[in-house]
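J.: My questions will all concern the structure given below.
Where a number appears in this text, it was derived from the coordinates with a stated rule and is not lab data. Because the structure is predicted, anything quoted here is derived from the model rather than measured. Because the Cβ atoms are built from the backbone with ideal geometry, glycine has one as well, and the counts that use them run over all protein chains shown.
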């Protein structure tokens, strides 16, 4: 009897062990499903109030919008062929005009859009061509080549694909790390498609930042603010008066390493200039004096031992003495990890982090907008997410927004206007949401 009882007990133990192993395997499989099959995350439902939602032609993914009054200008595909400039009425979403075709869509991406008087300017730096359009009807007024030879074009083209204006001339950072200028009066706006050659003039200012590489530039009220860095990663900020071509001030930035950060940014709010690198530095834009800086963790410490410390800062916004941005921690390609994205809020005065929220399925083009105490983010697979700007708490998500957004978004009269497209749709949509 004892032997039979012992055998029965051992059998019961074996069954218990097998059952425990099966439970463990089931839990592991469930975890794997969540990890690899990207099980949809559940969010509270958020129901926006839309003023309008309209279908458009497909919008260029890299387009940076320009707004003036109630009008929005951006670059758009023409039936997935040529590229053109368009003008939209933000109050209705209606097209005002389609600009003359610029070039084929596979021939490189355009610059941002700027305006001088009644003329809109877009640069195609790969070919060294500047396109000038009428604000009245979108007609092409002029095509300007920024050099007479291939070598001169390469020398004069932008290193950042960005053009700036002070209202009378165009400026950009050229290939040799200098700022060049092209007067609008040098362009004949009656020649249409006939190419005219107008090389820009170098301002010969790069000696003031020791020939270092330019990381970012902002032009405000005739003053050009430049952020540059050397090969060892040290930085310098320079303020240049474009009218007199003189340097108002320059400030060396110590104990930073800009080489390890992809998006070293300047952000200007009123009289304060923010330098966002591996440290956050707050400066007086009038004289370059450093008000304060924060050298602590600007993104939450990673729990993954293979995460690299390099990050990118995307979409910086300022509201109610707070800065909001998306930070990206990169992983080495050979580690096969997804990049680590965070929505972060910092105090705009002390520069210390107030809160942070992880963002799954985000990207470098994830739109970030702050309005009336809420943060609006559109990201792949999750749609429109709405957060409380004070606490970072998630209010909810609108899954009707597909999340295939290209990042183009603007605020206009308490309306959040954004573009979106389902992955299989031919057309993009424009939505105006009351905020």
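J.: Kindly rank 409-418, 276-285 from highest to lowest mean number of other beta carbons found within 10 Å of each residue. Don't skip to the end; give the middle numbers.
T.: On the way: 409-418: 18.2, 276-285: 21.2.
Taking the mean over residues of other Cβ atoms within 10 Å, the ranking is 276-285, 409-418.
J.: Also, I was wondering about something else. Just order 146-157, 369-380 by mean Cβ neighbour count inside 10 Å, highest at the front, would you?
T.: Values: 146-157: 16.4, 369-380: 19.9.
Averaged packing, sorted descending, gives the order 369-380, 146-157.
J.: Same structure again: Using a 7 Å offset from the Cα along the Cα-to-Cβ direction at both residue 269 and residue 254, what is the distance between the two label points in nm, to one decimal?
T.: Modelled inter-label distance: 2.7 nm.
J.: Another question, if that's okay. Subtract the Cα-Cα distance of residue 221 and residue 92 from 0.36 nm times their separation in residues, and report this length gain in nm to one decimal. Can you show the working numbers first?
T.: Values: separation 129, 0.36 × 129 = 46.44 nm, distance 3.12 nm.
Taking 0.36 nm per residue and subtracting the Cα distance, the gain is 43.3 nm.
J.: Another one. Please state the shape class of the stretch 127-220: rounded when a/c is under 1.5, otherwise prolate if a/b exceeds b/c and oblate if not, all from the C-alpha gyration tensor. All intermediate terms of the calculation are to be shown ahead of the outcome.
T.: Numbers: a/c = 2.38, a/b = 1.64, b/c = 1.45.
It is prolate, given that a/c is not under 1.5 and a/b is the larger ratio.
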